[in-house]
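Below: one structure, written as structure tokens.
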Amino acid sequence: MNVSTSLEDRVLELITEDDVVSLARALIAAGGENPGGTEEATVNVLEAFCLGAGLATETELVAPGRPNFTAVLRGGDRPGLLFLGHSDVVPAGGGWEGSPFDPSERDGRLYGRGSTDMKGGLAAVAVALKALKEAGADLPGDVTLACTVDEEDLGLGIRAYTLAHAGERFSACIVAEPTDLDTVIGCRGDSYFDVSVDGMSAHSGRPEDGRNAIDAAARIIELVREDHRTLQADRDALLGAGSWNVGLIEGGSGTSMVAGECHLSLDRRLMPDDDPHAILEALRGRICAAGIDRDGITVTARVSMEMPGFRTPANHPLVTSTVGALADCGIESRIGGWTAACDGGFIARDFGVPTIVMGPGGLNDQAHQVNESVSIAELLTAARAYALLCLRDCASP
């Protein structure tokens, strides 16, 4: 089934710079720093806009003051597109030229914490759905915007969403995270390992009377470093390789005491097929083989966070449709991969649908940065490309 050019033109005319910038500004002003658990104000702004646009909306409380939000543009009975975003932002920190939650415009850019990651992407999707509704687009399937909490920390929101919506069907997922409007077809996943080492404290004058947990932890770190080097020797052309990072280490009670305990927090980046629990078991095996957990030293470890990776073939219709829609909006979108992780991995894994990331703003030069900003032209282009994807992808046989 072909979508008429006149309908596309009508929808694109309804997507204005004023609409997308106005909504993005309101979302930025709502804050939502995480850690902090303050996403509710952002959801209230998004919900008011979507209700005003005539969309069906739903909020689902994940934790006090932390609601997931869903807006749906109703269509036919076929599976439709899912757009995915998150309502939280990283802490603003200091050093800003202005107030991070008082958005401002300068030289064609919108400034404020979350402008790129990812209030701008949320605004672009919502404005696109509003234009489709106003134009009376007859879509064969629902188009859904899901906005989750806690993406920047432990992913409580996406886990709650996949459980609550387990029976729903989607044709594909577009994560509106910042990619400079490039089409990202694969992402590494991520996992956190908490490792606790227990020994026995003693006076440092007689260290042989104790069992030093920090010494044992240092040996574990060397195992992790060795595995990291091994992983880098087999790099994937799109996503690179899995990797380890020791993010936190805490231990001991005083300089003149043998450390009786030590705690490590490890970050392990995942390839799409990696299982963090299997990786942890392999680490436990190496710890045992090295004799670290003997002679009064005990080691316990657990996976405290996991976020799966994903990969969509470069020739998939979702990918070619996205590149084509952006081309019709005047943008040459490059196809590539991310070494970062995002919530899209949960959708790809739990719903079994092709998934990409494409949105306004720069991940590496703007997201999580002081004086974060996004190109206003990219906001407008993203909204228009999202609308074209709804018309073309949902309407395809």
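The residues of segment 54-101 that are loosely packed, with under 15 Cβ neighbours inside 10 Å and polar (S, T, N, Q) amount to a single one, Ser99. Of the residues making up segment 237-257, just one is touching a strand residue (DSSP E or B) at 6+ places or on another chain (Cβ under 8 Å), surrounded by fewer than 15 Cβ atoms within 10 Å (Cβ to Cβ) and more than 27 Å from Ser201 (Cβ to Cβ), namely Asn245. When we screen Ser256, Ser304, Ser333, Ser265 for residues that are touching a helix residue (DSSP H, G or I) at 6+ places or on another chain (Cβ under 9 Å) and hydroxyl-bearing (Ser, Thr, Tyr), the only hit is Ser333. On the stretch given as segment 70-110, residues that are under 30 Å from Asp142 (Cβ atoms) and among the charged types (D, E, K, R) total 4.
At least 1 residues being over 15 Å from Ala146 (Cβ atoms) and within 22 Å of the chain's Cα centre (by Cα) is the threshold, and among the strands (runs of 3 or more DSSP E) wholly inside segment 32-95 those reaching it are 56-63.
So for segment 13-25 (the condition being out of contact with any strand residue (DSSP E or B) (no Cβ under 9 Å at 6 or more places or on another chain), surrounded by fewer than 16 Cβ atoms within 10 Å (Cβ to Cβ) and on the phi > 0 side of the Ramachandran plot), does at least one residue qualify? No - not one qualifying residue is present in segment 13-25. Taken over segment 1-41, the residue count meeting the criterion of being at pLDDT below 95 and hydroxyl-bearing (Ser, Thr, Tyr) is 4. Here Lys133 clears all of (1) out of contact with any Pro (no Cβ under 9 Å at 6 or more places or on another chain); (2) surrounded by fewer than 24 Cβ atoms within 10 Å (Cβ to Cβ); (3) farther than 16 Å from Arg384 by Cα except the condition numbered (3). In segment 341-368, the qualifying residues are those that are buried (at least 18 other Cβ atoms within 10 Å of the Cβ), small (Gly, Ala, Ser) and farther than 21 Å from Arg384 by Cα, and the one that is modelled with the lowest pLDDT is Ala341. Being of a type in the set (A, V, I, L, M) and assigned by TED's automatic domain parsing to the domain that holds Asp275 holds for only one residue in Ile347, Ile331, Ile297, and it is Ile297.
The values are calculated or read from the model by the stated rules, or taken from the named source; none is laboratory data. In this text, all values refer to a predicted model and were calculated from it rather than measured experimentally. Using ideal geometry, Cβ is built from the backbone for each residue, glycine included, and neighbour counts are taken over all protein chains shown.
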